[in-house]
1. Given (1) closer than 24 Å to GLU409 by Cα; (2) modelled with pLDDT of 95 or more, identify the lone condition not met by ARG53.
2. May I ask you to list the residues in segment 408-432 that are more than 18 Å from THR240 (Cα to Cα) and under 13 Å from the mean Cα position of the chain (by Cα)?
3. Regarding GLN119, is this residue of a type outside the set (A, V, I, L, M, F, W, C), assigned to a helix (DSSP H, G or I) and modelled with pLDDT of 55 or more?
4. Taking the conditions exactly as written (under 22 Å from PHE54 (Cα atoms) and assigned to a helix (DSSP H, G or I)), does LEU150 satisfy them or not?
5. Could you count how many residues in segment 110-145 are more than 22 Å from ASP76 (Cα to Cα), within 17 Å of the chain's Cα centre (by Cα) and of a type in the set (Gly, Ala, Ser)?
6. Restricting to segment 289-307, name every residue that is part of a helix (DSSP H, G or I) and under 17 Å from ILE426 (Cβ atoms).
7. Is at least one residue of segment 368-379 in a strand (DSSP E or B), at pLDDT below 90 and open to solvent by less than 20 Å² (accessible area, probe 1.4 Å)?
8. Do we find that PRO415 is touching a strand residue (DSSP E or B) at 6+ places or on another chain (Cβ under 8 Å), under 26 Å from VAL249 (Cβ atoms), assigned to a loop (DSSP other than H, G, I, E, B) and open to solvent by 10 Å² or more (accessible area, probe 1.4 Å) in this structure?
Amino acid sequence: MFEELQGAHESMSKVDTTWLRMETPTNLMMICGVMIFADALDVARFKRMLAERFLAYRRFAQRATITATGAYWENDPDFDLDWHVRVAALPGAAGKPELERFVSELASMPLDHSKPAWQFHVVENYRGGSALVARMHHCYADGLALVQVLLSLTDTAPGPAQHAELARTWLKHDGGGVFQRLLEPAQAGLRRAVEVGGKAWDKLAEMLLDPAQAAGLVIEGSEIARELGSVLALADDPPTALRGPLGVVKRVAWAEPLALEEVKTLGRALGCTVNDVLMACAAGALRAYMHDAGDAVDGLTVRATVPVNLRPLEHAKRLGNHFGLVFLDLPVGEPNPLRRLERVAANMRQLKNSRQAVMTFGLLAALGMAPAALLRPALELFSRKASVVATNVPGPQQPLFLAGSRMRELMFWVPQSGSVGVGLSILSYDGHVHFGLIADAKRIADPDAIVQRFGAEFEKLVMIALMEEWGGDITADAAAATLARYGVDAAGLGASRRSRRNTAAAARVSSATASTARRKAKT
């Protein structure tokens with residue numbers, strides 16, 4: 001299988017080198033994913049499928065080696081698939097809390113760089129089926145690419161005959177993902193970004209010594225250079241429960257999924273995108289947690305760094321890191337859920353015309369070319385400007401099968417970097433939206449306290465929408481007046497945090513929302 005790679009050394013791209021160098025004991029550069037199956041996963045069949053499909057990407061038989069001048073890929077002469085596929089069993093009740101603890105332990109454990117830096121952990125007897133935990137180092141590829149690699153291992157039927165159908169039904173019909181609209185004005189400048197990035201690290205070194213120089217860069221001719229200056233000039237994120245010293249232990253949790261059609265219906269009713277709704281719910285969940293943690297949240301804004309894909313979605317399986325980052329303001333200080341949604345939507349529209357993603361891609365390339373000593377201060381300079389990393393990836397809206405087992409749920413987390421200790425992930429799959437969080441245990445000891453608020457925040461928006469007249473636009477001011485008339489506090493609406501699916505009233509709300517939206521769409 002690997003004869004053609006014997007003795008081969010292959011230079012690592014500058015951006016991939018940056019992500020390899022970026023790892024620290026407090027923030028491992030590791031992408032973690034969890035797949036939950038309705039029935040038992042056949043381990044022997046899974047290994048055969050890995051040999052056939054996963055190792056068809058020759059990169060996964062190679063290990064990364066760092067040198068003083070850069071990094072390169074080399075074939076692992078002792079490659080052993082059995083070392084990369086482990087079988088585990090959960091203790092006690094072997095339920096969701098036990099699986100979350102198991103994933104947390106793996107997310108805190110570095111990968112072995114003497115071997116290809118990836119592993120799969122098969123968890124047997126989980127809720128009548130199985131679970132699969134995947135760990136892969138970020139230097140192999142970005143999160144979108146690795147999610148697609150994992151999905152390329154699946155089929156659209158229990159047998160492998162329908163494998164090719166997935167690319168036709170997902171990649172070509174997806175439209176590029178929820179953040180793709182940010183890229184339309186940016187992709188044309190990608191080459192320019194790399195050119196600017198290639199010359200930027202010495203300028204960045206000067207700015208690390210004198211940050212005031214960032215203001216001067218804003219007036220330079222290049223739009224991308226102006227973006228760099230603008231981002232460098234951003235104030236540091238305020239001190240909150242989300243920021244502070246980091247440790248070496250991660251905590252992971254995920255919420256019960258929401259119905260994607262309900263999110264789409266609400267978005268249409270409120271005149272915004274699905275992504276706007278989901279990020280507003282995430283901001284509301286963070287607000288509630290921070291308030292309970294003692295933070296003075298009113299009027300507070302925190303930033304999230306959001307990865308933005310910089311290549312066509314169907315090319316993501318070529319591996320490597322091809323994404324930039326944008327800084328998204330999250331209005332956690334806004335108590336009115338609908339006004340919070342309006343502000344998130346406005347922030348997203350502003351980013352649509354931004355070159356931030358292209359600029360940061362060029363900067364990552366520049367750091368890959370720069371002396372290694374520059375990476376840490378540059379990383380800290382940027383990571384101080386955000387409190388969380390947020391990802392939102394659209395997945396196939398059909399059931400998938402891995403080695404013959406039907407996948408019920410899918411979730412993944414990208415790593416945080418520098419001093420950022422919180423990561424939230426939103427992923428849609430098979431008609432549902434999955435929300436999860438990974439956090440440094442020193443910052444958030446119990447991430448479940450945040451993820452359980454996600455559904456409650458969606459419930460608030462549904463309740464507000466249902467209370468308004470649907471003859472025109474539903475605005476935050478009108479909703480606030482309506483709630484005040486009925487003596488309802490918008491910030492506390494839905495504070496019971498019970499799952500909407502567990503109450504008959506919630507089912508009526510869902511049905512009413514969908515039917516009302518359909519009636520509005522016809523008028």
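The values are calculated or read from the model by the stated rules, or taken from the named source; none is laboratory data. For clarity, every value in this text was computed on a predicted model and none was experimentally measured. Here the Cβ positions follow ideal geometry from the backbone for every residue, glycine too, while neighbour counts run over all protein chains shown. These accessible areas exclude ligands, DNA and RNA; they are computed on the full protein's heavy atoms, side chains included. Shrake-Rupley method; radii C 1.70, N 1.55, O 1.52, S 1.80 Å.
1. (2)
2. Just the residues of segment 408-432 that are more than 18 Å from THR240 (Cα to Cα), to begin with: 408-415, 425-432.
Of everything in segment 408-432, those that are more than 18 Å from THR240 (Cα to Cα) and under 13 Å from the mean Cα position of the chain (by Cα) turn out to be LEU410, MET411, PHE412, TRP413, VAL414, PRO415, SER425, ILE426, LEU427, SER428.
3. Numbers: of a type outside the set (A, V, I, L, M, F, W, C): yes; assigned to a helix (DSSP H, G or I): no; modelled with pLDDT of 55 or more: yes.
Answer is no for this residue.
4. On the way: under 22 Å from PHE54 (Cα atoms): yes; assigned to a helix (DSSP H, G or I): yes.
Against the criterion (under 22 Å from PHE54 (Cα atoms) and assigned to a helix (DSSP H, G or I)), LEU150 qualifies.
5. The number of residues fulfilling the criteria is 2.
6. Filtering segment 289-307 for residues part of a helix (DSSP H, G or I) gives 289-292.
TYR289 - this is the single residue of segment 289-307 that is part of a helix (DSSP H, G or I) and under 17 Å from ILE426 (Cβ atoms).
7. Step one: list which residues in segment 368-379 are in a strand (DSSP E or B), which gives none.
There is no residue in segment 368-379 that is in a strand (DSSP E or B), at pLDDT below 90 and open to solvent by less than 20 Å² (accessible area, probe 1.4 Å).
8. Numbers: touching a strand residue (DSSP E or B) at 6+ places or on another chain (Cβ under 8 Å): yes; under 26 Å from VAL249 (Cβ atoms): yes; assigned to a loop (DSSP other than H, G, I, E, B): yes; open to solvent by 10 Å² or more (accessible area, probe 1.4 Å): yes.
Considered against the rule, which asks whether it is touching a strand residue (DSSP E or B) at 6+ places or on another chain (Cβ under 8 Å), under 26 Å from VAL249 (Cβ atoms), assigned to a loop (DSSP other than H, G, I, E, B) and open to solvent by 10 Å² or more (accessible area, probe 1.4 Å), PRO415 comes out as yes.
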